[in-house]
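Presented below is the structure to which this report refers.
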Amino acid sequence: MRVWENRDGWGIDRLVLADRDAPAEPGAGEVKLRMLAAAVNYRDWVTVTNKTPFGALPQIPFSDACGEVLAVGAGVTRVAAGDLVCPSFFHGWIDGPPTAANRAISLGSASHAGILQDEMVLSAEHVSRAPKGLSAIEAATLPCAGLTAWRAVVVEGQVKPGDVVVVQGTGGVSIFALQFAKMRGATVIATSSSDEKLERAKALGADHLINYRDTPEWGKAVLALTDGHGADLVVEVGGAGTISQSLIAAAVAGRILVIGVLGGRSQELLMPAIFGKNLRIIGISVGSRQMFDDMAAAIEAHGLRPVIDHVYAFGEVPDALRAMEGAGHFGKLAIDFTT
């Protein structure tokens, strides 16, 4: 079978497309998958380029995927042959709050091989059925970006009708957050440096648009748009580049869900804003299998469709990573294993 791996060096140019023996048949409690599609996350670029070291070589990258169940081992009842399923990002986080133990094993890292391979054998406890009505390529966008946004908006953010939600940029997590927030009846304020992307966000339901290049102090703009109330939830993906504006934009007793560090890793914080507004700042890294199943049910019920910017062939994985590096996409970048 085909496998992409960083074999003897890190970097996009050091990725190698190799041949390996296909895995054996699944044992008790296991499933064998034929991988059909993958999606690209910022974390995948970080892993391949070793910006945050994830372990020793060789390493098969990527975490988000959808595959068809080819066979099931003894005792498996959660899924059946022919089902479309998505592997869990964290192999061990079934339900409940995050712990060091249930987050210890993640796909596409030193703790577990990633999904850029034609076939995989996994525990049946670590896969979930894809939402009905979605293609394999659409479903592949859900395990990391989709689930992270779901946890931010629904589980931790507890967004309800009438709440004001700020989403930063138009990458995968932010677009999912926009869609989930509108699903929950919220007013959404979208920020971007591109007027064209803002118009696309408006077409998805964004109620207010802020170009942060034209309006660097966009936190004040959020307050103006909400008659001084501010945002009940800010989906914070920029890190050091945006956190100060998020603190300004947040409402009293608001929540800031910290998901990414696209704009940097370190920044002095406006401490008076944190305690003065009684803010809750919560870090988010994906979610549990139960959260995924709840998200899948909501996607089915509401007919939500993931937004995919471009689909690459399996042999074009390096090109997909360079596109992620360039940050010009709107929504998700995906990989089609069948082309």
> Among the residues of the range 15-34, which ones are in contact with an Asp or Glu (Cβ under 6 Å, 6 or more places away or on another chain) and either over 23 Å from Phe314 (Cα atoms) or assigned to a loop (DSSP other than H, G, I, E, B) (or both)?
Replying inline: Ala22, Pro23
>> more than 21 Å from Ala296 (Cα to Cα) and in a loop (DSSP other than H, G, I, E, B): is that true of Ala101 in this structure?
In response: yes
>> I want to confirm something. Restricting to the range 248-296 and keeping residues that are charged (D, E, K, R) and closer than 30 Å to Ser88 by Cα, which single residue is modelled with the lowest pLDDT?
In response: Arg265
>> Every residue in the range 324-334 that is open to solvent by 30 Å² or more (accessible area, probe 1.4 Å) and either charged (D, E, K, R) or in a helix (DSSP H, G or I) (or both), please.
In response: Glu325, Gly326
> When the range 142-170 is examined, which residues are found to be out of contact with any Leu (no Cβ under 9 Å at 6 or more places or on another chain) and in a loop (DSSP other than H, G, I, E, B)?
Replying inline: Lys160, Pro161, Gly162
> Considering the range 243-259 alone, what residues qualify as being of a type in the set (Gly, Ala, Ser) and part of a strand (DSSP E or B)?
Replying inline: Ala250, Ala251, Ala253, Gly254
> So which of Ala110, Ala130 ends up being at pLDDT below 95 and among the hydrophobic types (A, V, I, L, M, F, W, C)?
Replying inline: Ala110
> Of the residues that sit in the range 51-81 and are in contact with a Pro (Cβ under 7 Å, 6 or more places away or on another chain), farther than 21 Å from Leu15 by Cβ and not in a loop (DSSP other than H, G, I, E, B), which one is most open to solvent (accessible area, probe 1.4 Å)?
Replying inline: Val72
> Taking only pairs six or more apart or across chains, which ones have beta-carbon atoms under 8 Å, a first residue in the range 107-122 that is open to solvent by 40 Å² or more (accessible area, probe 1.4 Å), and a second residue that is of a type in the set (S, T, N, Q)?
Replying inline: Ala110/Gln59; His112/Ser106; Ala113/Gln59
> Take the residues of the range 270-329 that are of a type in the set (D, E, K, R) and in contact with a strand residue (DSSP E or B) (Cβ under 9 Å, 6 or more places away or on another chain): which is nearest to Leu17 (Cα to Cα)?
Replying inline: Glu316
> Scanning for something modelled with pLDDT under 95 and either closer than 25 Å to Val252 by Cβ or touching an Asp or Glu at 6+ places or on another chain (Cβ under 9 Å) (or both), does the range 148-165 turn up at least one residue?
Replying inline: no
>> For the structure I just gave you, tell me whether Ile137 is touching a residue at least 12 places away in the same chain (Cβ under 8 Å), open to solvent by less than 10 Å² (accessible area, probe 1.4 Å) and either closer than 30 Å to Ala18 by Cβ or assigned to a strand (DSSP E or B) (or both).
In response: no
> Which pairs have Cβ atoms under 6 Å, sit 6 or more apart or on different chains, and link a residue in the range 214-230 that is closer than 13 Å to Val252 by Cβ to one that is open to solvent by 20 Å² or more (accessible area, probe 1.4 Å) and modelled with pLDDT of 95 or more?
Replying inline: Gly230/Leu223
> If we keep just the residues of the range 15-50 that are in contact (Cβ under 8 Å) with a residue 24 or more places away in the chain and open to solvent by 60 Å² or more (accessible area, probe 1.4 Å), which is nearest to Ile259 (Cα to Cα)?
Replying inline: Tyr42
>> For a quick check of your reading: which strands (runs of 3 or more DSSP E) sit entirely within the range 180-242 and have at least 2 residues that are open to solvent by less than 30 Å² (accessible area, probe 1.4 Å) and among the polar types (S, T, N, Q)?
In response: 187-192
> Do we have Gly315 as small (Gly, Ala, Ser) and within 24 Å of Gln117 (Cβ to Cβ) here?
Replying inline: yes
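The values are calculated or read from the model by the stated rules, or taken from the named source; none is laboratory data. Treat the numbers as computed from the prediction; the structure is a model and nothing was measured. Here Cβ is always computed from backbone atoms with ideal geometry, including for glycine, and neighbour counts include all displayed protein chains. For the accessible areas, the whole protein counts, side chains as well, though only heavy atoms, and no ligand, DNA or RNA atoms are used. Shrake-Rupley method; radii C 1.70, N 1.55, O 1.52, S 1.80 Å.
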